[in-house]
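Asker: The structure under discussion is supplied below as structure tokens; questions concerning it will follow.
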């Protein structure tokens, strides 16, 4: 707007000055209202407007807010960055904490290491599934060493303006050096640390290059440790992973049975818990859950207890919370047709029956109460912690997943869309068997991702062979135990839920033993 007004005034001044000068020079006539001095004044003002307009037009219009704010951020001093988290707040992960003790001792007692010529590891990389406590561990290291803690996410360094990401990297490391001893934690480091290629020369690559330079350029007198966290280790650039940058790679996985017990104890210590709540039983029922999910279960149980106006959180609240986390929100007034309800009952009964006969997992509960997008579900958990699975056990898992569709085929002589998620999981297991575990006619080989697309037809045939074989075995089990299937389904239609003990009683009445098919 300002520029437009100046332009209009400039045009007016130029026209007026030109008109007066023309009449003075060529016609010798000057309007009575204007003297020669007025003409000079108007011309001078017009010239000034012209100079001002040219300066205004050449002034660069840059978006600098994202850059200039970095300086203000950097002025925050160390006291605001101290972590109040210690290893006492980190339940489980004992192996990881033991590994980090050396780093902590080096920061706290650096002289004894320097006398031996030892150097502190410059970088530690946490990798593993989400929700396993990587950020909490980084905060705990800073808290145990009373170091300054500088948190940043990889996405904070990704900008469309060239040089902004690299500048932020420099600013972050300058702050850390001033506040040493300090911990720099870069969450989701794969946002800036992805592998580079010959064709790319973008802002993200420049940011990564600056990070590599900063990791190499630490002053030996500064005690600064960089901790990175990622869920995708395979995406990171090799230059970032080499010793001298990220010296230690620590896998932070989902907690085992003992770790889950410790995590539950941490999250219920400030809650009023009923005496019927057994931590051991809860830990067994939450196999494969991350630490974040366990914390969510404890919180959901407390919310459910408040909703029911209870003074103590009992086992029913925890079991409802587990169902809420696993299966989703319960639909209070479902509009499910009777025919569909009958199909769902037999579908879930098929899963439970095949699983029980094969003893793949311990069935905790079967339900046809809709939750989330599922019209029914089977809650099950392994009877023991397992790290290895045989080929037969993987086949049995696929058979259990296909048990629902097999029941539909036997009882209704047709199949429905209800097995969508089951088929997806079964296909994933079969794909792992073919491509990663060497459990197919390909023999004892693994197939790398870059070669899968060249052999996709052969791989799909192998996967189909496994799925078809498992489905035929599931059909056989359902046919041989059709009476039990109908009894379980009828019980579900009447009660809507079956517990593991009730299922065991139904199967035991018919004197059926596990592993009746192989």
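Asker: Within the range 337-356, list the residues whose amide N lies under 20 Å from a label point set 7 Å along Cα→Cβ of residue 417.
Answerer: Within reach of a label on residue 417: 337-348.
Asker: Still on this structure, I have one more. Compute the length gained on full extension between residue 247 and residue 269: take 0.36 nm times their separation in residues and subtract their Cα-Cα distance, giving the result in nm to one decimal. Show your work: numbers first, answer last.
Answerer: On the way: separation 22, 0.36 × 22 = 7.92 nm, distance 3.66 nm.
Gain on stretching residue 247 to residue 269: 4.3 nm.
Asker: Which order do the peptides 371-380, 336-345, 416-425 come out in when sorted by mean C-beta neighbours inside 10 angstrom, highest first?
Answerer: Those peptides, ordered most packed to least, come out 371-380, 336-345, 416-425.
Asker: I would also like to ask the following. If you average the alpha carbon positions of the range 103-160 and of the range 357-415, how far apart do those two centres end up, in angstrom?
Answerer: 42
Asker: Give me the one-decimal nm value for the distance between modelled label points at residue 508 and residue 232, 7 Å along each residue's Cα-to-Cβ direction.
Answerer: The answer from the label model is 5.0 nm.
Asker: More than 18 angstrom separation, counting every C-alpha pair in the range 260-356; what % is that?
Answerer: Beyond 18 Å sits 54 percent of the P(r) for the range 260-356.
Asker: Something else now. Determine the relative contact order of the range 338-509: mean sequence separation of Cα pairs under 8 Å and six or more apart, normalised by residue count, in whole percent.
Answerer: Across the range 338-509, relative contact order equals 31 percent.
Asker: Full-extension gain between residue 425 and residue 479, please, as 0.36 nm times their residue separation minus the C-alpha to C-alpha distance.
Answerer: On the way: separation 54, 0.36 × 54 = 19.44 nm, distance 2.35 nm.
This chain segment gains 17.1 nm when fully extended.
Quick note: the coordinates plus some simple rules give every number you see, no bench work behind them. Since we're looking at a predicted model, the values are computed, not measured. We place every Cβ from the backbone using ideal geometry, glycine too, and count neighbours over all the protein chains shown.
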